[in-house]
Structure formats: C-alpha cells, structure tokens
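The values are calculated or read from the model by the stated rules, or taken from the named source; none is laboratory data. Just so we're clear, the structure is a prediction, and the values are computed from it rather than from any experiment. Note: ideal-geometry Cβ built from the backbone for every residue, glycine included; neighbour counts use all protein chains shown. When the accessible area is computed, the model is the full protein with side chains, heavy atoms only, and any ligands, DNA or RNA have been set aside. Shrake-Rupley method; radii C 1.70, N 1.55, O 1.52, S 1.80 Å.
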Amino acid sequence: MRRHVLILGGTGEARRLAGELAADPGLRVTSSLAGRVARPRLPAGEVRVGGFGGPEGLARWLREHRVDALIDATHPFAGTISRNAARAAAETRVPLLALRRPGWTAGPGDDWHPAASLEEAAALLPALGERVFLTTGRMGLAAFADLTGLWFLVRSVDAPGPPLPPRTEVLLARGPFTVEGETELLRRYGIDVLVTKDSGAGATAAKLTAARRAGLPVVVVRRPEVPAGVPAVADVAGAVAWLRDRTG
C-alpha cells in the first residue's frame, strides 16, 4: 500500500517537493492550497483547495484519508495553519515536519528596521519616508490605512481589498523580479522607503538589493517562529530525507 503524504503548500518549495515525491510509486501525494490566489501554480499529484476548518477539521481529514506524514511547506508567515498543523499532528500522532526557507540577513550597506508585526511596521513609517513601496502581500493592509500623510505603492499577485491607505496605487505582479527592474521601479515612483516581510527566497530578494543601492531604509517584518516541538528543515532535500527516514 502506498504511503500517503499531505503537503500544506502554496510555495515554490512545496511545488518542488510535490514534484519529487509524486515520482515515487510508493507514495500518494496530496497538496493542500489555501485558495487565496486566483490562479495558483498547481503542483504534481493530487490537489485540494480550501481550508480544513481549524485544527479539528485538519485532524479529521488526516484520519479519514489515512495520512502517514504531514509536511507544512506553507509561507513563512502562514502562522495560523502552522499552529493548526501542530495541534492536529499531535492529536493524530501523524509525523509533522516544517519546511521553511531561510530568512534574509542584512549585509553591509543595508538600512534595515525590524518590526514584529504589520502594525509595528506602520508605526515606524512616518519617521522614515513619505513614498512607501509596500510588498507585504494583499492581506493585512488595514494596518496602514490610517497613514493619510503617506503615499503607497502596493504590489501583490491579486488585487487587495479595503481598507487601504487613502493614497494608494496598486501594482499587480508576480515574481521573480530582477534588480534592474526593481531599481527602475523605485526610481519611477520616487520611493523613499520599502516595507517587506522576511519571507526569504530569491524570487523577491531583488528589491532588497535595489533598496541598498539606492540608500533607502527597509522595514522588515519578522517571521513567526515554527511551533514548539516541530522539527524544521531549510530545503526540499532535507524534507525528502526526513520523509525517507519515516516511510522507508
């Protein structure tokens, strides 16, 4: 009987992992996507879209579908599903692994301002600039809605909904981005401060290089910690090795 692996996905790492595992005839691979992106890039193997109904719903799904291993390869800021996964795995005794790409590290010439939340990032902005490049995604923009004196360029894959800052232009785009393109964007819009989440990965890191070269301050929202007791690896190879140790 094939061993069933559930991947909580939506990231490039999750797609690559599903591709590797789906090629193994001894594994049944199901990827779960949250459904927040209108046209997601679908991974190999089986795919389900939508939430589970909290940790209880996920635990029920694990039991009903006889899942042998659970891999949380969601976005580093998908804290709710990661906490739900930890609770569901503990309840069902299904082995759980977190696949988390490394975060970014400031280097020489970087002017980074760490923030623990989007609200804290918003509080820092008035002292740092007036024209903001906001690259934290389309969720949570209400944290910036009261900053009436600032102008925002909001970039996201799908259009954000209200509330938004009153002076906002939305740019719909999906990475990867280039340093040259990001440099031109900063110049074209007269950006003087960048806001980003510490999502890691190279697809969106070019904006950090462009900001460094332009001498711009960057507000970096720190990622949440992996839930206590959950082992974590930094890449697909590590996740494959972990799974092999448990499925043979």
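Just a few scattered comments:
- Ordering of 56-62, 184-190 by burial proxy (mean other Cβ atoms within 10 Å per residue, highest first): 56-62, 184-190
- Carbon + sulfur, % of accessible area of the stretch 153-226 - ligands and nucleic acids excluded, 1.4 Å: 55 percent
- Extension reserve of the residue 49-residue 105 stretch, reckoned as 0.36 nm per residue once the Cα distance is removed: 16.8 nm
- Zero-based 10 Å bins, Cα pair distances in the chain, whole percents: 7, 29, 31, 20, 10, 2, 0
- Length-normalised contact order of the stretch 112-188 in % [C-alpha pairs under 8 Å, at least 6 apart]: 25 percent
- For the chain, the solvent-accessible area works out to 48 Å² per residue, with a probe of 1.4 Å and every protein chain left in place.
- For the stretch 52-175, the Kirkwood hydrodynamic radius from C-alpha pairs, put into Stokes-Einstein at 4 °C and a viscosity of 1.567 mPa s, yields a diffusion coefficient of 75 µm² per second.
- Counting only protein heavy atoms and a probe of 1.4 Å, the accessible surface of the stretch 1-117 is 50% carbon and sulfur.
- Distances between placed amide hydrogens fall under 5 Å for residue 130 paired with 192, all partners being 5 or more residues away or on another chain.
- Label-zone membership for the stretch 64-81, site residue 234, 7 angstrom Cα→C-beta point, backbone N under 19 Å: 72-77
- Pairwise Cα distances in the stretch 50-98 exceed 13 Å for 50 percent of all pairs.
- Each stretch of four or more DSSP H residues adds -39500 (n - 2.57); spread over every residue of the chain, this sum gives -9000 deg cm²/dmol at 222 nm.
- Computed E for residue 23/residue 124 - FRET, C-beta separation, R0 45 angstrom, nearest 0.05: 0.45
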